[in-house]
Amino acid sequence: MSLHIAVDHRAPVAESVLMPGDPLRAQFIAENFLDNPIRYSEIRNMYGYTGTYKGVPVSVQGSGMGMPSMGIYSWELYNEHGVENIIRIGTAGSFREDINVGEIVVGLAASTDSNFQHAFDVPGQYSPCCSYPLLNKLQEAGKETGIPFTAGNIVSCDVFYETTEDWWKRWARMGVMAVEMEAAALYMNAAYCRKNALAIMTISDSFVTGEKTTAEERQTTFTDMMKLALEAAVK
Ligand SMILES: O=P(O)(O)O[C@H]1O[C@H](CO)[C@@H](O)[C@H]1O
Ligand SMILES: O=c1cc[nH]c(=O)[nH]1
């Protein structure tokens, strides 16, 4: 057991873990996609489950919202639970008019406005990027399932409710596709711990059109992303 994640001897945390921000999305995936899921942790109601997908053990663990929370859970998974691969399965807001609600984006790199990197004491600006081996597996899964996605730069922000209008347009001007709140911390922890990480997000709202999805839709309807991540996790 680590400080924030319990263990259950019947269901050790698997080598590959899917991480949604929302613990109820973790429960939905476990109940609808995994065989014989067991909830190994409910500390703070941040549920974690292990089951099998196509016969291979896979875990699903809520990360909570924001880089501090993702930083804690991914650190403990990598360092105290033997995890090698983490695939974030999140939601994001689109900055591009050709990337619409319901579509999937993959963070090749995660720009950020956070100071999370101070923990690593690098003498400059670190560029958080995904793991190439996991990206390759996702590409294979994409070809096999026919589920499309767009890969590029995303931004992980500390603030959800920005107060200045059009703040996002300056990120968009630099080719950043979408905003979420955890990938940069995950990528930095993975790099430091010599592990693998990839962030996949379904677009839940568009800064360009103003379209939005409900909390319930964000919890349960983004099943293509879940399938894609599971297929990549068992390769
Ligand atoms: O749906 P999740 O995975 O939580 O991701 C996004 O949604 C939350 C904000 O509503 C933030 O955590 C953001 O990164
Ligand atoms: O972090 C997020 C996630 C979805 N939509 C946003 O606007 N921000």
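The values are calculated or read from the model by the stated rules, or taken from the named source; none is laboratory data. The shown structure was predicted, so the numbers you read here are calculated from the model rather than taken from an experiment. Please note: Cβ atoms are built from the backbone with ideal geometry, for glycine as well, and neighbour counts cover all protein chains shown. Surface accessibility is based on the protein's heavy atoms, side chains included, excluding ligands, DNA and RNA. Shrake-Rupley method; radii C 1.70, N 1.55, O 1.52, S 1.80 Å.
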State whether one or more residues within segment 30-41 are free of Cβ contacts under 8 Å to residues at least 40 places away in the same chain and among the hydroxyl-bearing types (Ser, Thr, Tyr).
-> yes
Mind checking which residues of segment 138-156 are open to solvent by 60 Å² or more (accessible area, probe 1.4 Å) and in a helix (DSSP H, G or I)?
-> Gln139, Glu140, Lys143, Glu144
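Looking at Asn32, Asn36, can you tell me which residue is open to solvent by 10 Å² or more (accessible area, probe 1.4 Å) and in a helix (DSSP H, G or I)?
That would be Asn32, the only listed residue that is open to solvent by 10 Å² or more (accessible area, probe 1.4 Å) and in a helix (DSSP H, G or I).
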Within segment 179-212, count every residue that is in a loop (DSSP other than H, G, I, E, B), touching a residue at least 24 places away in the same chain (Cβ under 8 Å) and more than 16 Å from ligand 2 (Cβ to nearest atom).
-> 1
Only residues in segment 74-93 that are touching a residue at least 24 places away in the same chain (Cβ under 8 Å) and open to solvent by less than 10 Å² (accessible area, probe 1.4 Å) count as the first member; pair them with residues that are of a type in the set (Lys, Arg) and within 16 Å of ligand 1 (Cβ to nearest atom), Cβ under 8 angstrom, at least 6 apart or cross-chain, and list the lot.
-> Ile89/Arg25
Output for segment 108-122, where each listed residue is closer than 26 Å to Met201 by Cα and either open to solvent by 60 Å² or more (accessible area, probe 1.4 Å) or without any contact (Cβ under 8 Å) to a residue 12 or more places away in the chain (or both) | Leu108, Asp113, Asn115, His118, Ala119
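Name every residue in segment 186-235 that is of a type in the set (Phe, Trp, Tyr) and buried (at least 20 other Cβ atoms within 10 Å of the Cβ), in order of residue number.
Hits for segment 186-235 are Tyr187, Phe222.
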